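The values are calculated or read from the model by the stated rules, or taken from the named source; none is laboratory data. Just so we're clear, the structure is a prediction, and the values are computed from it rather than from any experiment. Every residue, glycine among them, receives a Cβ derived from its backbone with ideal geometry; neighbour counts consider all protein chains shown.
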Ligand code: ATP
Ligand code: MG
Ligand code: MG
């Protein structure tokens, strides 16, 4: 069989390798940490992501190369493309690595983003904040995750400090109007090299401290909004010439308007629900797309709520799974546990997730509520 090389060795690579191994592929990950989530279930080259010799070895050992994070060094991407087959290309990485380029590409696909402005000085920030009104959100253009590299400006007195703090390391900045969303949604779409596109059902996402807590599917939105969200994601996949997965994070306002927040050109935490709840998981779909196979059916098999397991949840969860689950039996839910094989259960670190399959999302939410694990 063919070997798929993955740049990165975290949980997304692990679940990709688990899905792809079942399809007969072999995997080799390039990651600096030995015996990480992916390395435990695949071969691994232990080296830094920007190590050119290691990248060359990955290319030599792989028939196809993909990645599980978007901040891939442009030089490494170019080298991999010269020495192996990288169906996703480097353009998609270049675009999604930078919030301004990403927003312009989304708009060019005919899809709306929250009003934004490039910020090059404290004066520009003040002027843009006056235009957008308060609050507004200042973000670094590159490198942010879990809300890091962001400042919600609530008073004009904060303008100088916000600018100085976020631009400290020479970061480029973007200011966004604050969207008073009713819900946050996400849609994951896949596109094959031939241009076949399929979207997964929209997820309703609830964050705690800027970290994803729950994905609820079906999302508690109208059929029309659901279809519109899926259409937007497919339009972006087409417009950006995506190969593989594109995750589209959306804001839904009270008047039913959708705005794109940001993109991720890879499997996404809010798509983990697909592992048991859809006919095809996001990981299988990604493998299908980058290996140029026909895409799988994305239909939902059952209502589901995905709940993230962070470092502080691991101990109570492991104690809980040893006991008879009276609540699951009564509520007729099936909680499916996924752990990523990480050793240090550090507070707020993503260690795993539970897909709670149920007859309806209320029953799944009730099980999470009664399982006191997520109160810490
Ligand atoms: P990640 O990549 O982990 O999803 P991130 O650090 O790239 O996060 P964003 O997704 O841009 O950050 O923002 C984090 C959260 O902050 C959003 O999910 C949303 O709840 C809130 N947020 C971000 N931008 C806005 C905005 N313009 N208006 C209102 N809320 C916002
Ligand atoms: Mg992000
Ligand atoms: Mg986000």
Determine which member of the set 348, 342 is assigned by TED's automatic domain parsing to the domain that holds residue 196, touching a helix residue (DSSP H, G or I) at 6+ places or on another chain (Cβ under 7 Å) and not in a strand (DSSP E or B). 348
Determine whether residue 241 is away from ligand 3 (no atom under 16 Å from the Cβ), at pLDDT 95 or above and out of contact with any strand residue (DSSP E or B) (no Cβ under 7 Å at 6 or more places or on another chain). yes
Taking first residues from the stretch 144-161 that are assigned by TED's automatic domain parsing to the domain that holds residue 129 and touching a residue at least 12 places away in the same chain (Cβ under 8 Å) and second residues anywhere that are outside any helix (DSSP H, G or I) and more than 16 Å from ligand 2 (Cβ to nearest atom), the pairs with Cβ under 7 Å that are 6 or more apart or on different chains are 152/135; 153/134; 153/135; 153/136; 154/134; 154/135; 155/134; 159/153
Name the one entry in 252, 185 that is surrounded by fewer than 24 Cβ atoms within 10 Å (Cβ to Cβ), at pLDDT 95 or above, on the phi < 0 side of the Ramachandran plot and in contact with a helix residue (DSSP H, G or I) (Cβ under 7 Å, 6 or more places away or on another chain). 252
Can you tell me which residue in the stretch 303-326 is modelled with the lowest pLDDT, limited to those that are touching a strand residue (DSSP E or B) at 6+ places or on another chain (Cβ under 7 Å) and surrounded by fewer than 16 Cβ atoms within 10 Å (Cβ to Cβ)? 321
Residues that are in contact with a helix residue (DSSP H, G or I) (Cβ under 8 Å, 6 or more places away or on another chain) and under 18 Å from residue 172 (Cα atoms): list the helices (runs of 4 or more DSSP H) wholly contained in the stretch 74-128 that include at least 3 such residues. 91-96, 99-108
